[in-house]
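First the structure, in the form of structure tokens, and then the observations on it.
The numbers here are math on the coordinates, done by the rules we state, and not lab data. Note that the structure is a prediction, hence the values are computed from the model and not measured. Positions of Cβ are generated from backbone atoms using ideal geometry, with glycine treated the same way; all protein chains shown enter the neighbour counts.
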Amino acid sequence: MKQKSNLLNLAIGLLLSLVVNTALADRVKDLTNVGGVRGNQLVGYGLVVGLAGTGDGKDPTFTGQSLKAILESLGVTTNPYDDYDLAQSRGRPIQVDNVAAVMVTATLPPFAKPGQVVDVNVAALGTATSLRGGNLVMTELRGIDGQTYAVAQGPLTVTGVMEEQNGTSVQIGIPTSGRIPDGATVERQVDNSFDKSDHLIFNVNANDFSTTAAITEKINEVFGDGTAFAMDGVSLAVRAPVGLSERVSFVGMIENLEVQPGIPAAKVVINSRTGTVVINQQVKISAAAVSHGTVSVSVSTLNEVSQPAPFTGGEGVETRDVANSTVEVNESNQTSMIEETVDLRDIVDAIQQSGASTTSLIAVLEALKSAGSLKAELVVI
């Protein structure tokens, strides 16, 4: 009976250890990305029509020219007055109050095939005040090589709103930009080296030698020695099957391997604009004395009225406003001793006990780094 109890305790202990190890481990898919498997940026220039008078009417120069070119490409005969410069000289400018010139951008996913659809972003280029209710006219989306990879068209989804009545305006969000879900159709596929190279390259998201070594060791442990080798602190190469179907299955198995990543380097990140400070658990502080002071200047004014005394006759005497101002300067200094700590909570508590505000905390951390007491990389963004 005692032996069964020991076996039960051992099984429970092994189960708990597996659960803990699984909780601490990350998938290779979350730690790396396959080299060459990436998205490609696309960009295009187009027109949004159907606006309720919120288009480029204030400055229709290139919008009018673009509209004229589109109409001519559709077989619409335009008269000389459609030329903007000539129309201006004769007092008949092209009306584009309901038209806006826009820049259209999208990201072509890896392995995207012709016929698939992607989302597009649309942003106004000219003087349009809102794109709400507009419809994007067919627009070519080109890559960095100048080739057309997708064609976009469709009604816009705009979340921003701007209302103006009697000289008072209210704006919520950005009404001059919007999106078209599934608004572009892929017309051309981008070539990649996924099925051509002998080795597949896995790039680690974080520049960490220990994580790269752990992933390499795990792959060799599961698929055999020599399957993977580290190239540097970021990349590792893996021998892959020749067949495309086998290669896809092989990458899928590698991405689902669980690896315990390396402990990140000690780092303190400071956002100087918002006063946000983030400290990870690896940060250590050696013993140091912190002294910080604050100087506050208070200016108060008491307004009074000086009136002439009675029976003065009123000659040369008048009622005046008198401002009595007082200036008070308060200076306080505080010196605190920060003992050597190894825990994040101890670090935060020690700095807070010194009486430092968020702004002062940034100055204290920078001073500790300069003094050599802060054992971490200090990043200011």
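General remarks:
- Gained length - Thr107 relative to Thr157, 0.36 nm times residue gap less alpha-carbon distance: 16.2 nm
- Distance between the pseudo-spin-label points of Thr77 and His199 (7 Å out from Cα toward the beta carbon): 6.8 nm.
- Theoretical FRET efficiency, 1/(1+(r/R0)^6), r = Cβ-Cβ of Thr358 and Arg27, R0 35 Å, to 0.05: 0.45
- When you work out D = kT/(6 pi eta Rh) for region 126-260 at 20 °C and 1.002 mPa s, using the Kirkwood radius from C-alpha pairs as Rh and the Stokes-Einstein form, the result is 109 µm²/s.
- Over region 193-259, relative contact order from alpha-carbon pairs under 8 Å, at least 6 apart, %: 37
- In this structure, Asn135 and Phe62 have a Cβ-Cβ separation that, at R0 = 25 Å, corresponds to a calculated FRET efficiency of about 0.80.
- Listed pairs Lys29/Lys284; Lys267/Lys369; Lys68/Lys113 exceeding 23 Å between Cα atoms: Lys29/Lys284; Lys68/Lys113
- Local electrostatic count at Ser210 - Lys and Arg +1, Asp and Glu -1, tallied over other residues with Cβ under 15 Å: -3
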